[in-house]
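> Structure below; questions to follow.
The values are calculated or read from the model by the stated rules, or taken from the named source; none is laboratory data. These numbers come from a predicted model, not from an experiment. Neighbour counts run over all protein chains shown; Cβ positions are idealised from the backbone, glycine included.
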Amino acid sequence: MAISLHHIAPRTPPVGQTSWRLWLRQNLFANRTSTVTTVSLLLLGLWLLPQLWSWAVWHAQFKPDADACQSIRGIGACWGVVSEKYRLIIFGRYPFAEQWRPLLACGLLMTLLVVSCMRAFWRMGLVGAWVVVWLAFLGLMGGRLFGFSLGLSPVPTDQWGGLPLTLMLSSLSIALAFPLAVLVALGRRSDLPAIKTICVTYVELVRGVPLISVLFMASFMFPLLMPAGTTPDVLLRVLVGIALFSAAYTAEIVRGGLQAIPRGQYEAAASLGLGYWKTQRIIILPQALAHVVPGIMNNFIAIFKDTSLVTIVSLYELSGALGLALNGDPLWRPFKIEGYLFITLIYFAFCFAMSRYSLWVEHRLQRSQAR
């Protein structure tokens, strides 16, 4: 008995439904609790938004006129305080006539940060670019580099402030803290008792005190331990203090990623004859760091925001520069809320960008693992 086989043409895979109605149903109206929450938030927004619009835009004063701002006080926002004080807020006590230098330095650093986040530029030349940009940053800010004059008027570090100081402290402390954190995390899992004890003591000691105590000790107590006449720059001491503090927290995040790696990975590396450091560099650390990308980025965001604490040692970063700009001027002092909203927007922009980049990295890692 002959059986005839008929060829069936392949069908296209079903197209995923991505309509806005499906998105609303899945994310905002999935069940009764979700629906009640969504409706409540919508009603609250409809009640608050008109009042917010009236205060922030409709009755607001945008010109730097203190008398006009006083006349609408309590009715509308005075954004004129930002127009009047933005240079002091952004650049702190840096000399007014030389503020093109921190502006250029910030532009170079932010451009390099953006470039460094693009996979296409992940080459060895990027390391050289970082060295060049940091030398240019320090040279522009200080006017001198390694004791040599660059033809610019010298500006001491106690006059650095605002956004340039925030970017410098956060990016440099992250760059210093991350490799130290990896070494400490490896040390905590070491079989050598001495190394393990040192790493455990460091992590527990640092995590047991607040950052403000570390900054206070780095600024005021550390010079007492130095030989007479050798006092490191306060900016350098604060930078080291933030880096050491952040490394302790990052080390615990990295250690969590190391513990998530199955023992079979170590055994497979040993069967291939790989040494300890080669095993960690090629096999273990890439997987461990991929597991803890959200935690690491969360810590980086915390470092960026924690730089606001350096005000206690008379370094006026972004939030400290705002207080410096408004506290000494009785005409604009009543409008602090508008100034704080301005720097909040700056902080949010940087933190949101880091958060989105973290999600992008996670997505790329998921795609590479699925292949």
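> If I ask for residues that are in a helix (DSSP H, G or I) and of a type in the set (A, V, I, L, M, F, W, C), which ones from segment 283-297 would you list?
Residues of segment 283-297 in a helix (DSSP H, G or I): 283-291, 293-297.
Those that are in a helix (DSSP H, G or I) and of a type in the set (A, V, I, L, M, F, W, C): Ile283, Ile284, Leu285, Ala288, Leu289, Ala290, Val293, Ile296, Met297.
> Does Ile90 satisfy the condition of being under 16 Å from Leu326 (Cα atoms) and modelled with pLDDT of 85 or more?
Numbers: under 16 Å from Leu326 (Cα atoms): yes; modelled with pLDDT of 85 or more: yes.
It is true that Ile90 is under 16 Å from Leu326 (Cα atoms) and modelled with pLDDT of 85 or more.
> Follow-up. Being of a type outside the set (Asp, Glu), under 23 Å from Phe350 (Cα atoms) and at pLDDT below 90 narrows it down to one of Gly161, Gly143, so name that one. Reasoning before the result, please.
Details: Gly143 fails: under 23 Å from Phe350 (Cα atoms).
Every option except Gly161 fails the conditions.
> Right, something else. Right, Val133: at pLDDT 90 or above and aliphatic (A, V, I, L, M) or not? Full working, then the answer.
Values: at pLDDT 90 or above: yes; aliphatic (A, V, I, L, M): yes.
In short, yes.
> Here is a follow-up. Residues to consider are Leu46, Leu109, Leu42; find the one that is closer than 25 Å to Ile337 by Cα and modelled with pLDDT of 85 or more.
Numbers: Leu109 fails: closer than 25 Å to Ile337 by Cα; Leu42 fails: closer than 25 Å to Ile337 by Cα.
From the options Leu46, Leu109, Leu42, the qualifying one is Leu46.
> Which is basic (Lys, Arg), out of contact with any Asp or Glu (no Cβ under 9 Å at 6 or more places or on another chain) and modelled with pLDDT of 90 or more, of Arg333, Arg356, Arg371?
Exactly one of Arg333, Arg356, Arg371 is basic (Lys, Arg), out of contact with any Asp or Glu (no Cβ under 9 Å at 6 or more places or on another chain) and modelled with pLDDT of 90 or more, namely Arg356.
> Okay, moving on. Return the residues of segment 333-362 that are within 17 Å of Asn299 (Cα to Cα), within 15 Å of the chain's Cα centre (by Cα) and hydrophobic (A, V, I, L, M, F, W, C); say none if nothing qualifies.
Phe348, Ala349, Phe350, Cys351, Phe352, Ala353, Met354, Leu359
> Taking segment 310-332 on its own, how many of its residues are under 30 Å from Ser71 (Cα atoms) and not in a helix (DSSP H, G or I)? Reasoning before the result, please.
The first filter runs over segment 310-332 and keeps only residues under 30 Å from Ser71 (Cα atoms), leaving 318-332.
Retained after the next criterion (residues that are not in a helix (DSSP H, G or I)): 328-332.
So the answer is 5.
> Given the condition surrounded by 13 or more Cβ atoms within 10 Å (Cβ to Cβ), among the polar types (S, T, N, Q) and under 26 Å from Asp329 (Cβ atoms), answer yes or no: does some residue in segment 71-81 qualify?
No, segment 71-81 has no match at all.
> Show me the helices (runs of 4 or more DSSP H) entirely contained within segment 214-282 in which 2 or more residues are out of contact with any Ser or Thr (no Cβ under 6 Å at 6 or more places or on another chain), of a type in the set (A, V, I, L, M, F, W, C) and surrounded by 15 or more Cβ atoms within 10 Å (Cβ to Cβ). Don't jump to the end; show me each part of the working.
Numbers: elements: 222-225, 234-259, 263-271, 276-279.
Helices (runs of 4 or more DSSP H) meeting the threshold: 234-259.
> Could you list, ordered by first residue, the pairs with Cβ atoms under 8 Å in which the first is in segment 120-131 and in contact (Cβ under 8 Å) with a residue 12 or more places away in the chain and in the same structural domain as Leu109 (by TED's automatic domain parsing) and the second is surrounded by 11 or more Cβ atoms within 10 Å (Cβ to Cβ) and of a type outside the set (S, T, N, Q), at least 6 apart or interchain?
What qualifies is Ala129/Leu112; Ala129/Val115; Trp130/Leu112.
> Could you run through segment 24-70 and say how many residues are among the small types (Gly, Ala, Ser) and within 21 Å of Val82 (Cα to Cα)? Let's see the steps before the verdict.
Kept after step one, since they are among the small types (Gly, Ala, Ser), are these residues of segment 24-70: 30, 34, 40, 45, 54, 56, 60, 66, 68.
With the extra rule that they be within 21 Å of Val82 (Cα to Cα), the set shrinks to 54, 56, 60, 66, 68.
Of the residues in segment 24-70, 5 are among the small types (Gly, Ala, Ser) and within 21 Å of Val82 (Cα to Cα).
> Only one of Phe342, Phe300, Phe335, Phe352 is in a helix (DSSP H, G or I) and surrounded by fewer than 12 Cβ atoms within 10 Å (Cβ to Cβ); which? Walk me through it before giving the result.
Values: Phe342 fails: surrounded by fewer than 12 Cβ atoms within 10 Å (Cβ to Cβ); Phe300 fails: surrounded by fewer than 12 Cβ atoms within 10 Å (Cβ to Cβ); Phe335 fails: surrounded by fewer than 12 Cβ atoms within 10 Å (Cβ to Cβ).
It is Phe352.
> Next up: Which numbered condition trips up Ala177, out of (1) touching a residue at least 60 places away in the same chain (Cβ under 8 Å); (2) at positive phi?
The one condition Ala177 does not meet is (2).
> Here is a follow-up. Restricting attention to segment 95-118, which residues are assigned to a loop (DSSP other than H, G, I, E, B), in contact (Cβ under 8 Å) with a residue 12 or more places away in the chain and within 23 Å of the chain's Cα centre (by Cα)?
Our first condition is that a residue be assigned to a loop (DSSP other than H, G, I, E, B); within segment 95-118, this holds for 95, 99, 117-118.
Pick out the ones that are also in contact (Cβ under 8 Å) with a residue 12 or more places away in the chain and you get 95, 99, 117.
Hit for segment 95-118 is Cys117, nothing else.
> In this structure, is Gly107 out of contact with any helix residue (DSSP H, G or I) (no Cβ under 8 Å at 6 or more places or on another chain) and either farther than 26 Å from Val238 by Cβ or surrounded by fewer than 15 Cβ atoms within 10 Å (Cβ to Cβ) (or both)? Let's see the steps before the verdict.
Details: out of contact with any helix residue (DSSP H, G or I) (no Cβ under 8 Å at 6 or more places or on another chain): yes; either farther than 26 Å from Val238 by Cβ or surrounded by fewer than 15 Cβ atoms within 10 Å (Cβ to Cβ) (or both): yes.
It is true that Gly107 is out of contact with any helix residue (DSSP H, G or I) (no Cβ under 8 Å at 6 or more places or on another chain) and either farther than 26 Å from Val238 by Cβ or surrounded by fewer than 15 Cβ atoms within 10 Å (Cβ to Cβ) (or both).
> Any idea which of (1) in contact (Cβ under 8 Å) with a residue 40 or more places away in the chain; (2) crowded, with 16+ Cβ neighbours inside 10 Å is the one Arg207 doesn't satisfy?
In the conditions (1) in contact (Cβ under 8 Å) with a residue 40 or more places away in the chain; (2) crowded, with 16+ Cβ neighbours inside 10 Å, Arg207 misses (2) alone.
> I would also like to ask the following. For segment 83-92, which positions are of a type outside the set (Phe, Trp, Tyr) and either crowded, with 19+ Cβ neighbours inside 10 Å or in a strand (DSSP E or B) (or both)?
Those that are of a type outside the set (Phe, Trp, Tyr) and either crowded, with 19+ Cβ neighbours inside 10 Å or in a strand (DSSP E or B) (or both): Glu84, Lys85, Leu88, Ile89, Ile90, Gly92.
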